[in-house]
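Below is one structure, written out as structure tokens; comments come after it.
The values are calculated or read from the model by the stated rules, or taken from the named source; none is laboratory data. Here the structure is a predicted model, which is why all the values come from computation and not from measurement. Cβ placement follows ideal geometry from the backbone for every residue including glycine, while neighbour counts extend to all protein chains displayed. The protein model used for the area step is the full one, side chains on, heavy atoms only, and it has no ligands, DNA or RNA in it. Shrake-Rupley method; radii C 1.70, N 1.55, O 1.52, S 1.80 Å.
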Amino acid sequence: MTKRRLLVAVLALVVMAAAAVLLFQRQAGERLFAQAAARRVADGGLKLDDGLHLVLCGTGSPLPNPARAGPCNVVIAGDQAYVVDIGEGAARNLNLIGFDIPSLDGVLLTHFHSDHIDGLGPLALFYWTQGSASAPLPLIGPQGVETVAEGFNTAYRLDHGYRVAHHGARIVPPSGGGVQAVPFAIAASPVTVLERGGLKVTAFPVDHDPVKPSVGYRFDYKGRSLVITGDTARSASVERAAKGADLLVHDALQPSLVTGLTDALEQAGQANTAKITRDILDYHASPEDAAKSAKAAGVRQLVLTHLVPPIPNAFFYPAFVGDSARYFGGEITVGEDGMVFSLPPGTQDITQDKRL
């Protein structure tokens with residue numbers, strides 16, 4: 001009888017506690033939200049020592065993946081910072097990571113496929129509104145970048161006026177907002193895109209036919225180096241540009257998994273999408289191709305990104321990576337949104353952190 005009374009008392013307390021939660025849920029929610037917001041703002045964001053750093057703000061592709069934004073990288077060298085490509089959802093990730101978007105020196109585009117530029121609008125908006133920028137965000141890319149800039153500026157022209165009218169010129173200066181094209185010409189040979197403050201950025205052509213121009217970028221800072229390929233099949237140009245680099249960030253498509261996806265699409269009667277997944281096999285590198293390029297270039301670590309097909313979670317990484325370790329003896333990392341790689345000067349260290 002005592003046990004029964006105890007059980008009734010416990011159940012009564014549970015019911016009363018649940019009732020109290022429901023009764024005060026709004027007040028509790030408001031208080032908890034305020035506390036979380038205060039902690040988030042006081043966190044101070046991403047803090048990095050002097051060196052060359054890579055932040056993966058998007059490791060996905062045009063194929064939907066709720067865990068990955070579209071292609072996006074941030075390269076930080078001392079007090080300079082550049083976004084390389086800006087896919088859908090990547091600007092959101094930069095905020096969640098705690099990166100100071102107004103500190104950007106510019107955006108570098110590898111090519112003009114939609115998934116590499118469709119996050120540009122939100123990024124330019126954050127650059128303008130969070131920092132009261134009085135000039136547009138520099139948009140650096142090969143010939144054709146002017147068309148991209150013009151299109152985005154036209155699309156956001158009405159929004160620009162609304163923001164100024166609502167928030168005022170002190171918060172959103174009318175001279176800011178949008179992007180400013182900074183084109184460079186590239187043909188068969190690498191070109192130096194910029195060189196200042198100890199940082200050198202070199203663009204080189206890659207094989208993403210029929211998408212031309214398509215480039216990758218090499219970043220050199222204080223004796224450390226990293227290379228971002230953009231989208232490409234295996235390319236001798238990549239291997240030359242990445243010679244001796246510390247870190248090679250290479251796009252990757254696993255043909256065996258994509259073939260399985262194509263078969264499923266065909267069986268479901270989705271012929272158009274199946275045609276696309278079949279077409280993409282010829283202008284992306286496989287993980288094994290990326291590993292061969294990493295070995296040929298003599299890099300120290302390989303990071304795979306722009307992952308095709310969508311990878312649900314880490315359980316599938318061995319299937320995605322395939323036989324890559326047969327071709328490259330260094331570390332192979334399947335990139336994830338929020339990963340941060342740091343290359344301190346005067347060392348050979350490559351440290352890794354996760355911010356999402």
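A few remarks follow.
- In the stretch 174-219, of all residues being at positive phi and without any contact (Cβ under 8 Å) to a residue 60 or more places away in the chain, the one that is nearest to the chain's Cα centre (by Cα) corresponds to 178.
- In the stretch 287-327, residue most open to solvent (accessible area, probe 1.4 Å) [restricted to those that are in a loop (DSSP other than H, G, I, E, B) and closer than 20 Å to residue 245 by Cβ]: 300
- Residue in the stretch 49-69 that is at negative phi, over 28 Å from the mean Cα position of the chain (by Cα) and open to solvent by 50 Å² or more (accessible area, probe 1.4 Å) present: no
- The stretch 195-246, subset closer than 19 Å to residue 105 by Cα and of a type in the set (D, E, K, R), residue surrounded by the most Cβ atoms within 10 Å (Cβ to Cβ): 218
- Scanning the stretch 221-236 for residues that are touching a Gly at 6+ places or on another chain (Cβ under 9 Å) and over 21 Å from residue 71 (Cα atoms) yields 221, 222, 223, 224.
- Hey, residue 251 open to solvent by 40 Å² or more (accessible area, probe 1.4 Å), outside any loop (DSSP other than H, G, I, E, B) and out of contact with any Lys or Arg (no Cβ under 7 Å at 6 or more places or on another chain) or not: no
- Helices (runs of 4 or more DSSP H) enclosed by the stretch 110-168 - at least 2 residues per element that are basic (Lys, Arg) and either open to solvent by 20 Å² or more (accessible area, probe 1.4 Å) or over 17 Å from residue 91 (Cβ atoms) (or both): 157-167
- Residues located in the stretch 268-286, provided they are without any contact (Cβ under 8 Å) to a residue 60 or more places away in the chain and open to solvent by 30 Å² or more (accessible area, probe 1.4 Å): 268, 269, 270, 271, 272, 273, 275, 276, 278, 279, 281, 282
- Selection of the stretch 86-101 for residues being in a helix (DSSP H, G or I) and open to solvent by less than 40 Å² (accessible area, probe 1.4 Å) yields 90, 91, 93, 94, 97, 101.
- Taken over the stretch 199-225, the criterion of being of a type in the set (Phe, Trp, Tyr) and in contact with a Ser or Thr (Cβ under 9 Å, 6 or more places away or on another chain) is satisfied by 204, 217, 219.
- Some residue of the stretch 191-213 being among the basic types (Lys, Arg), closer than 23 Å to residue 337 by Cα and not in a loop (DSSP other than H, G, I, E, B): no
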